[in-house]
Amino acid sequence: MKYTYMNKSFYLVLALIICFSACKTAAVKKEKYTLKMENKGVAGNSTANLLHRLNKDVLVEKPDLVILMVGTNDMLNSSKLIPYENYYSNLSNIVKDIKNNDAQVLLMSPPRVDSLYLFKRHDQAMFTDTPNVKLQKVTQIMRAVSEENKTLFVDNYSVFKAKGLPQHNQDNYIRNLKNSNKEDGVHLKPIGYKLIAENVFDYLETNNLLDKYNHIICFGDSLTKGSGASGAGTITGENYPSFLYRMLLKN
């Protein structure tokens, strides 16, 4: 059969129909994409507490990404202090258990604290290293565990340090007497929680991971829960999981 102009037009239309159909299918798949995020932060939790509730709060939920921030209570809560070696061991066990259940882990170091306020609640004599030196060591341990287990890693400690935080009774990121009428020094204002969310979002964006995970669990202590801010323990408040959830939905 001769390949006439009419035949050529027919094949062109057919190609356009196929292309349109394929593009429409891709769009439908994008529209059907859903993101599930859970805030599993509990105030006062240490690595030992997270190990105890890991199966109930994380593994049975079958997430594909767990964002893990823990260490503040292990290092700074005078009723829960443990040596660096124990922290490393506990953290490693948590990460391995999660990865053995086919989920990726994003380890995230805790932000710096205001020692002047911290020592109003905890005995300074129990500290051989200053609070922020201990948190810097936590960051180093987290980085090492991340490399050993091939996880993702976000360094909040260095971001807060680069911003000169905390500034005693001056900054708006960490709760203090001036911005909250609270001698806190550990928990964050909404702008501080948002900064953590931005750190995670920027990391995921830089590494082309924004659309990779459909079910994310944020696992940790009061800094994950969002203590001191509205909607603590939810994904609809002013904690970092809530801010991150909204950022990912807008992506």
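The values are calculated or read from the model by the stated rules, or taken from the named source; none is laboratory data. Just so we're clear, the structure is a prediction, and the values are computed from it rather than from any experiment. Using ideal geometry, Cβ is built from the backbone for each residue, glycine included, and neighbour counts are taken over all protein chains shown.
Count, please, the residues in the range 150-176 that happen to be outside any loop (DSSP other than H, G, I, E, B), surrounded by 14 or more Cβ atoms within 10 Å (Cβ to Cβ) and not basic (Lys, Arg). Write out each step before concluding.
At the first step, the residues of the range 150-176 found to be outside any loop (DSSP other than H, G, I, E, B) are 152-154, 156-162, 174.
From what's left, surrounded by 14 or more Cβ atoms within 10 Å (Cβ to Cβ): 152-154, 156-161, 174.
Among the residues that remain, those that are also not basic (Lys, Arg) are: 152-154, 156-160, 174.
Qualifying residue count, the range 150-176: 9.
Take the residues in the range 135-149 that are within 13 Å of TYR84 (Cα to Cα) and in contact (Cβ under 8 Å) with a residue 40 or more places away in the chain, then tell me which one is surrounded by the most Cβ atoms within 10 Å (Cβ to Cβ). Show your work before the answer.
At the first step, the residues of the range 135-149 found to be within 13 Å of TYR84 (Cα to Cα) are 135-142, 144-145.
Right, trim to in contact (Cβ under 8 Å) with a residue 40 or more places away in the chain and you get 135, 137-138, 141-142, 144-145.
Values: LEU135: 24, LYS137: 17, VAL138: 23, ILE141: 19, MET142: 28, ALA144: 14, VAL145: 22.
Going through the qualifying residues, I end up with MET142.
In the range 119-144, how many are over 16 Å from SER46 (Cβ atoms) and either among the polar types (S, T, N, Q) or in a helix (DSSP H, G or I) (or both)?
Number satisfying all stated conditions: 11.
What are the residue pairs meeting all of these: first residue in the range 117-134, first residue in contact (Cβ under 8 Å) with a residue 60 or more places away in the chain and in the same structural domain as LYS182 (by TED's automatic domain parsing), second residue buried (at least 18 other Cβ atoms within 10 Å of the Cβ) and not in a loop (DSSP other than H, G, I, E, B), Cβ atoms under 7 Å, and 6 or more apart or on different chains?
LEU118/LEU76; LEU118/PRO131
Of the numbered conditions (1) surrounded by fewer than 16 Cβ atoms within 10 Å (Cβ to Cβ); (2) within 11 Å of PHE219 (Cβ to Cβ), ASN45 fails exactly one; give the number of that condition.
(1)
So, LYS212, is that one assigned by TED's automatic domain parsing to the domain that holds GLU38, in a helix (DSSP H, G or I), loosely packed, with under 15 Cβ neighbours inside 10 Å and over 13 Å from the mean Cα position of the chain (by Cα) or not?
When the stated conditions are applied, LYS212 does not pass them.
I need a count of the residues in the range 55-73 that are in a helix (DSSP H, G or I) and either touching a residue at least 60 places away in the same chain (Cβ under 8 Å) or of a type in the set (Gly, Ala, Ser) (or both).
Of all residues in the range 55-73, those in a helix (DSSP H, G or I) come to 55-57, 59-61, 72-73.
Those left that are additionally either touching a residue at least 60 places away in the same chain (Cβ under 8 Å) or of a type in the set (Gly, Ala, Ser) (or both): 57, 61, 72-73.
The number of residues fulfilling the criteria is 4.
Considering only residues that are over 15 Å from MET142 (Cα atoms) and not in a loop (DSSP other than H, G, I, E, B), look in the range 74-97 and name the one that is nearest to the chain's Cα centre (by Cα).
Taking the range 74-97 first, the residues over 15 Å from MET142 (Cα atoms) are 76-82, 97.
From the residues that got through so far, the ones that are not in a loop (DSSP other than H, G, I, E, B) too are 76, 97.
Details: LEU76: 20, ASP97: 18 Å.
Across the range 74-97, the extreme among qualifying residues is ASP97.
In the range 74-95, what count of residues is obtained for those that are within 16 Å of PRO111 (Cα to Cα) and free of Cβ contacts under 8 Å to residues at least 60 places away in the same chain? Don't jump to the end; show me each part of the working.
The initial filter retains those residues of the range 74-95 that are within 16 Å of PRO111 (Cα to Cα), namely 74-77.
With free of Cβ contacts under 8 Å to residues at least 60 places away in the same chain added as a condition, the list becomes 77.
Qualifying residue count for the region: 1.
Scan the range 159-172 and report the pairs whose first residue is touching a residue at least 40 places away in the same chain (Cβ under 8 Å) and whose second residue is part of a loop (DSSP other than H, G, I, E, B) and of a type in the set (S, T, N, Q), with Cβ atoms within less than 9 Å and a gap of 6+ or a chain change.
Pairs that qualify, where the first residue is touching a residue at least 40 places away in the same chain (Cβ under 8 Å) and the partner is part of a loop (DSSP other than H, G, I, E, B) and of a type in the set (S, T, N, Q), are PRO166/ASN176; HIS168/ASN176.
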